[in-house]
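The next block holds one structure in the form of structure tokens; read it before the comments.
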Amino acid sequence: MRIGILMMLLLVSSNVLAQSSEAKISALFDSYMTKYNHYLQHGVLPQTPKLYADTIMLMSSNSKPSVITHMQMDEQVQVFLSNLKAQGVSHVKWAKVFIHQLDDNIALVSNIAERYTKTGALYNKVGASYYVYLIDGQWQISAFAIHNAKNTLI
């Protein structure tokens, strides 16, 4: 009987931890979009919260995998967002977010982002998949790939 109760408590507590982790990962991606939209509207990328691990691996169809620092990532993000803004994009939102926790400190997140013009017209959609890692109690992006929205894990 005691073993059964202990097993139930372990299952319930692990489910609560998973829900808590999922909420924290979801909050990370809400902050991600908030930072991107702040830059598109004001031309300044907020320094907090920290989204990225100290080093990040990037890859896409157009570039082979590379590892950069979080400071280099912030610089690349500003150039990227400036180019989007020059193309008429005024805001971005997540159409879908899929979170799959692989372990206590590792999760795979696959999203579809929608980019909109000032008139509210859909400019385009893009897929991105991320590995996030729990570092000092905070989930941070440690690797990601940009890809076709049709290939997102949703």
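Computed quantities for the displayed model
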item: Qualifying residue in the stretch 37-45 (condition: at pLDDT 95 or above, surrounded by fewer than 13 Cβ atoms within 10 Å (Cβ to Cβ) and assigned to a helix (DSSP H, G or I)); result: yes
item: Single residue of the stretch 50-59 satisfying the filter (part of a strand (DSSP E or B) and hydrophobic (A, V, I, L, M, F, W, C)) that is surrounded by the most Cβ atoms within 10 Å (Cβ to Cβ); result: ILE56
item: Any chance ASN62 is loosely packed, with under 12 Cβ neighbours inside 10 Å and more than 21 Å from THR152 (Cα to Cα); result: no
item: 1 or more residues over 19 Å from ASN37 (Cα atoms) and free of Cβ contacts under 8 Å to residues at least 12 places away in the same chain: qualifying strands (runs of 3 or more DSSP E) within the stretch 81-154; result: 89-103
item: Only one of LEU81, LEU102 that is within 24 Å of TRP139 (Cα to Cα), out of contact with any Asp or Glu (no Cβ under 9 Å at 6 or more places or on another chain), surrounded by 15 or more Cβ atoms within 10 Å (Cβ to Cβ) and of a type outside the set (Asp, Glu); result: LEU81
item: Matching residues in the stretch 139-154 - criterion: being within 14 Å of ALA95 (Cβ to Cβ) and buried (at least 17 other Cβ atoms within 10 Å of the Cβ); result: ALA149, THR152
item: Some residue of the stretch 141-153 being at pLDDT 95 or above, under 21 Å from ILE25 (Cα atoms) and hydroxyl-bearing (Ser, Thr, Tyr); result: yes
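The values are calculated or read from the model by the stated rules, or taken from the named source; none is laboratory data. All values derive from a computational prediction rather than experimental measurement. We place every Cβ from the backbone using ideal geometry, glycine too, and count neighbours over all the protein chains shown.
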